[in-house]
């Protein structure tokens, strides 16, 4: 995108950084699709390709303006939702919200990345895994045990969850 285009298109300032969202580009995104896409072949976007596009970055599913922890989680969720309308409804707010979340290098960004990593780990252990475990009646007690864990917010709570999570993983593999 040229500098002239950047200055004439309506934009929205992100709350996280100096990155601006190009509202005309945002309006071009009708639906969010699964997987990666070649812009030379099709005008389709996954959530992270859309984030790069509206931020004026080169085509990528790993935009420089988005925290790598958020990118990984968004790709996982985007590709897990098979219904296109539901994926678009759930992920489009994520596209806008994640632009500008990458922090500059340094101790503060390391702390933020670690906090985000624990947040994602907590969701996987206390929400996502139990949802799948509940699909098998014999694994419901393991789901309940994971749901009762204290929130995973640091190394101590991660270590405390390890035994219960390992037992659930082992039981699931044996089921």
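Any read-out appearing in this document is the output of simple, stated calculations on the displayed coordinates, not a laboratory observation. Values in this document were obtained by computation on a predicted structure and should not be read as measured data.
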Take every Cα pair under 8 Å in the chain that's 6+ residues apart, average their separations, divide by the length, and report that relative contact order as a whole percent.
16
With runs of 4+ DSSP H residues as the only contributors, calculate the mean residue ellipticity of the chain at 222 nm using -39,500 (n - 2.57) per run, divided by the residue total and rounded to the nearest 500.
-17000 deg cm²/dmol
Nearest 10 degrees is fine. How inclined is helix 84-98 to the longest principal axis of the chain, computing both from alpha carbons?
70
Give the angle, between 0 and 90 degrees and rounded to the nearest 10, that separates the Cα long axis of helix 68-80 from the longest principal axis of the Cα atoms of the chain.
80
Percent of alpha carbon pairs in region 85-162 separated by more than 21 Å?
48
Highest-fluctuation residue, 160, 112, 143 considered, GNM on the chain with Cα pairs under 10 Å
160
Report, to one decimal in Å, the Kirkwood hydrodynamic radius for the chain based on all distinct Cα pairs.
18.1
Rounded if a/c under 1.5, otherwise prolate or oblate - region 40-94, Cα gyration tensor axes
oblate
